[in-house]
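The values are calculated or read from the model by the stated rules, or taken from the named source; none is laboratory data. What you see is a predicted model; the values in this text were computed from it and never measured. Reconstructed Cβ throughout: ideal geometry from the backbone, glycine too, with neighbour counts over all protein chains shown. Side chains are part of the model used for accessible areas, which takes the heavy atoms of the whole protein and leaves out ligands, DNA and RNA. Shrake-Rupley method; radii C 1.70, N 1.55, O 1.52, S 1.80 Å.
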Amino acid sequence: MVNERLQADAAMMMEALSEQMLGIAKIQRDRARLTATVTACDKRISVTVNADGILIETRFADDVSDLSYDEIAAAITEAVQAAAAQVGERGRRLMAPLRARKDRLPHLTELLEDMPDFRSVIPVPPPVSIAPPNSPERRYDDEDAGSGDAEPYGRRSMVRDHDE
């Protein structure tokens, strides 16, 4: 009888996990299709970014030459940042139901007695600056960066230990 209950519980958990994975796959597909377009300078400049906030299209109206190069550059920068913010918010809204579902699940500390709460020691990443290079906002206090003679690793994947 106990074995049957365990089997039923395991089957229910596997079904819930399968549903969760299908939901995650759908959200990932929907997110990958997101774009955002922002116009600037009375619609003389139009930029579109993808779901990662990467610029994928720039269009100029016929009268864009009325603007200076500095005005065009500043408008493009501002428009890309606004479009990236829009697409980021849309992505967060797509993920909201998944996060809500996750928040309803019990935490490991609730299931296993004396289990430390690892969530409390996970470092929170600092906000990423949108300031231009060499601006005062980009001057960081590197005192806690460690040894200055360490070799940089270059670009690393957030998922894998070694990039190919």
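Numbers below:
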| quantity | calculated |
| --- | --- |
| When residues of segment 132-148 are limited to those that are under 25 Å from residue 74 (Cβ atoms) and either modelled with pLDDT of 80 or more or polar (S, T, N, Q) (or both), the one most open to solvent (accessible area, probe 1.4 Å) | 134 |
| Scope segment 98-131; condition touching a residue at least 12 places away in the same chain (Cβ under 8 Å) and either among the acidic types (Asp, Glu) or surrounded by 10 or more Cβ atoms within 10 Å (Cβ to Cβ) (or both); matching residues | 98, 101, 107, 130 |
| Contacts under 9 angstrom Cβ, first residue in segment 41-69 being touching a residue at least 40 places away in the same chain (Cβ under 8 Å), partner open to solvent by 50 Å² or more (accessible area, probe 1.4 Å), 6 or more apart | 51/31; 51/32; 51/33; 51/35; 51/90 |
| Residues within segment 75-97 that are open to solvent by less than 60 Å² (accessible area, probe 1.4 Å) and farther than 21 Å from residue 32 by Cα, tallied | 2 |
